Amino acid sequence: MFTPITTSKKSFRSNLLNTVTFTASTDLPKIMTLTTPATYTYVGGEGNDFAKGMDGIKNNMFGYGGNDTLLGGVGSDDYIYGDSGDDYLYGYSGKDILIGGKGNDQIFGDKDDDKLYGNEGDDSMWGGDGNDEMRGDVGYDLMFGGTGDDAMYGDIGYDQLFGEDGDDRLDGGDNNDRLDGGTGMDLLFGGTANDQLYGGKDDDALFGQDHDDKLYGDEGNDMVFGGIGNDDLYGNDGDDIAKGGDGDDYTHGGAGNDEIYGENGNDFIYGEIGTDKLFGQDGQDNLYGDDGDDFIYGDAGDDRLEGGKGNDIIEGGIGQDN
C-alpha cells in the first residue's frame, strides 16, 4: 500500500502509477494511494487538476475545487466526483459512477452501464454505450443517452433529454423541458410544467402530466396522454391512441387508424388520415373525422360533429349536438 505522496514541485509523474500528470497550471494532489485488492485513490487540490486513473482496477477520484479533468481507467469500475468548479469527467469502459458536483460540468459515461449525476449547475451528459442512469438535478441540463436502454431524469430546471438508441425512460421533472425519445420503444414523462415531448421512431408512450404540454408521437403506434392542462397532442404516423385528460385540448390523429378520447374539457379532435374512432366525452367538443371511414361519438355535452370524407358513423350522445 502506498502512503500519501507530498512534493513541492509543480510537475510530477509517478513511474509506478504511470497515470497521473500535473503541469505548471495545476495543483498537486492531496492524496494518491494504491491499496490491495487493487484500488487507486486520487484526491485533488483547490486548483485546476488533471488526473488519469489506472486501467483494469477500481479508481476513486475526487477533484475538489477548481475546473478539473478526471479520467477513469479502461476496463475498471470507477467512482469520479468533480465537486465544485466546471469539471470534465470521463468514465471509459466499466460500470462507472460520475458525479459533477457544483458547477457547469461535462460528463461522459462511455461504454457499459454507467450512472451520471450532474448535481447543481448547467451540465451536459453523454451516456454512451450501455444501459445508463442520468440525473440532472438543479440547473439547465443537456443529456444524450446514446445506445442502450437508458433512464434519464431532468429534475429541477429547464432540461433537454435525448434518449437516442434503445428503449429509454425520460422524465423531465420540474420546469419546462424538451424530451426526445429517438429510436426505440420509449416512455416519456413531462412532469410539472409546460413540456414538449417527441416520441421519435417506434412505438412510444408519452405522458404530459401537469400544465400545458405539446406531445408528438412521431413514427410508430404510439400512446399519447395529455394529463392535466390545455395540451396539444399529435399522433403523427401510425395507429395511435390519444387521451387529452383534464383541460381544453387539441388532438390530431395524423396518418393511421387512430383512437382519440377528449376526456374532460372542451376539446378539438381531428382524426385526419385513416379510419379513426373519435370520442368527445365530457365537455363541449368539436370532432372532425376528416379523411377515411370514421366513427364519431360526441358523448356528454353540446358537441359539434363532422364526418368529412368517407363513409362515417356519427352519434351525438347526451346533449344538443350539431
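What follows draws every value from the coordinates through simple rules; no lab data is involved. Note that this is a predicted model, so its numbers are computed, not measured. For neighbour counting, all protein chains shown are included, and Cβ atoms are generated from backbone atoms with ideal geometry for every residue, glycine included.
What is the antiparallel percent of DSSP beta bridges lying wholly in the chain, to the nearest 5?
Just about 5 percent of them are antiparallel.
Using a simple spin-label model with points 7 Å from Cα along the Cα→Cβ vector, what separation in nm is obtained for N311 and D210?
Distance between the two pseudo-spin positions: 4.9 nm.
Could you give the Stokes-Einstein D for the chain in µm² per second, using the C-alpha Kirkwood radius, 4 °C, 1.567 mPa s?
My calculation gives 60 µm²/s for D.
When the dipole is taken about the Cα centre of region 256-322, and only Lys, Arg (+1) and Asp, Glu (-1) are charged at their Cβ, what size is it in debye, to the nearest 20?
Roughly 100 debye, rounded to the nearest 20.
Near the amide H of L197, under 5 Å away, which other amide H atoms are found, from residues 5 or more places off or on another chain, if H is placed in the peptide plane?
L179, K214, L215, Y216
Under the definition of Cα pairs under 8 Å and six or more residues apart, what whole-number percent is the relative contact order of the chain?
Reported relative contact order: 5 percent.
Over all directions, the average projected area of the alpha-carbon convex hull for region 171-262 comes to how many nm²?
Averaged projected hull area, Cα only: 4.3 nm².
Using a simple charge model, +1 on the beta-carbon of Lys and Arg, -1 on the beta-carbon of Asp and Glu, nothing else, what dipole does the chain show about its Cα centre, in debye to the nearest 20?
Rounded to the nearest 20 debye, it is 3060 debye.
Can you divide the C-alpha Rg of region 106-252 by 2.2 N^0.38 Å and report the result to two decimal places?
Taking the Cα Rg and dividing by 2.2 N^0.38 Å, one obtains 0.98.
From the convex hull of the Cα coordinates of region 109-190, what is the mean projected area in square nanometres?
3.8
Quick one: which residues, 5 or more positions from R169 or on another chain, have an amide H under 5 Å from its amide H? H modelled 1.01 Å from N in the peptide plane, none for Pro or chain starts.
D150, A151, M152, L187
Got a sec to turn the phi values of region 77-87 into Karplus ³J(HN,Hα) couplings, 6.51 cos²θ - 1.76 cosθ + 1.60 with θ = phi - 60°, whole Hz, x for Gly and Pro?
For region 77-87, the Karplus curve yields 8, 10, 10, 10, 10, x, 6, 6, x, 8, 9 Hz.
By how many nm would the segment from E219 to T192 grow when fully extended, if each residue of separation counts as 0.36 nm and the alpha-carbon distance is taken off?
Roughly 7.2 nm would be gained on extension.
Which of the residue pairs K95/K243; K102/K243; K115/K214; K201/K277; K115/K243 have a Cα-Cα distance greater than 32 Å in the structure shown?
Table pairs above 32 Å Cα-Cα are K95/K243; K102/K243; K115/K243.
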